[in-house]
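*Asks:* Before anything else, here's the structure in question.
The values are calculated or read from the model by the stated rules, or taken from the named source; none is laboratory data. It should be emphasised that the depicted structure is a prediction, and the values quoted were computed from it without experimental measurement. Neighbour counts are summed over all protein chains in view; Cβ atoms, including those assigned to glycine, are modelled from backbone coordinates with ideal geometry. With ligands, DNA and RNA removed, areas are computed over all heavy atoms of the protein, side chains included. Shrake-Rupley method; radii C 1.70, N 1.55, O 1.52, S 1.80 Å.
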Amino acid sequence: MSANSRLTIAVHALAWMELNTRYGNEVATSEQIAGSVNTNPVVVRRLLTDLRRAGLVASRRGAGAGWTLAHELAAITVLDVYEAVEPGVLFATHRATPNQECPVGFGIRPVMQRVYEGAEQAVRDELIRTTMDDVLRDILAER
């Protein structure tokens with residue numbers, strides 16, 4: 001299995017959009033953001049659509065088309081971004097019901113569900129403590 005990078009790309013896009021605004025630009029295009037991420041603009045547009053549905057960004061059509069932040073970065077947590085682009089649970093048990101005649105097959109789901117619930121809560125607790133403003137500040141400190 002490979003790791004999913006949707007959250008990282010979405011955080012990257014939001015941080016880039018804020019920096020773009022600080023440089024005096026009103027909107028950002030998916031092509032510009034994709035250039036920073038080094039990915040296809042379609043990937044960025046899909047993520048921005050999810051972020052728009054969550055109320056984190058807004059889009060403009062026509063002359064001056066592009067994307068803008070809907071809130072100050074300090075008002076957006078990484079958990080907000082995660083929930084916008086990663087719907088569903090973080091961990092899952094078997095897709096098919098394990099053999100209920102087997103002692104391991106019988107008990108694995110409830111045991112792992114408890115483990116996963118605790119792990120997911122720990123992840124959410126960490127993500128809610130970090131704002132997008134914190135992320136951009138730390139990114140700029142890396143230079």
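*Asks:* Got the relative contact order for the chain handy, in percent, Cα pairs under 8 Å and 6 or more residues apart?
*Replies:* 25 percent.
*Asks:* Another question, then. Given the peptides 105-118, 80-93, 35-48, arrange them by the average over their residues of other C-beta atoms within 10 Å, most packed first.
*Replies:* 35-48, 80-93, 105-118
*Asks:* At a Förster radius of 22 Å, what calculated FRET efficiency corresponds to the Cβ-Cβ distance of Ser36 and Arg6, to the nearest 0.05?
*Replies:* Plugging the Cβ-Cβ distance into 1/(1 + (r/R0)^6) gives 0.85.
*Asks:* Roughly how many percent of the accessible protein surface of the range 1-81 is carbon and sulfur, given a 1.4 Å probe and a whole-percent answer?
*Replies:* 50 percent
*Asks:* If you count only protein heavy atoms with a 1.4 Å probe, what accessible area per residue comes out for the chain, rounded to a whole Å²?
*Replies:* With the other protein chains kept in place, the chain gives 64 Å² per residue.
*Asks:* Another question, if that's okay. Out of residues 5 or more away from Ile76 or on other chains, whose amide H comes under 5 Å of its own, with H placed 1.01 Å from N in the peptide plane?
*Replies:* Here Met132, Asp133 satisfy the definition.
*Asks:* Place +1 on the Cβ of every Lys and Arg and -1 on the Cβ of every Asp and Glu in the range 90-143, take the dipole about the Cα centre, and give the residue among Pro98, Gln113, Leu140 whose Cα lies farthest towards its positive end.
*Replies:* So the residue furthest toward the plus end is Pro98.
*Asks:* Please label the shape of the chain as rounded, prolate or oblate, based on the square roots a ≥ b ≥ c of the eigenvalues of the alpha-carbon gyration tensor (a/c under 1.5 means rounded; beyond that, a/b larger than b/c means prolate, else oblate).
*Replies:* Prolate.
*Asks:* Let's see if you can work this out: charge +1 on each Lys and Arg Cβ, -1 on each Asp and Glu Cβ, no other charges. What is the dipole magnitude of the chain about its Cα centre, in debye to the nearest 20?
*Replies:* With only Lys, Arg, Asp and Glu charged at Cβ, the dipole is about 440 debye.
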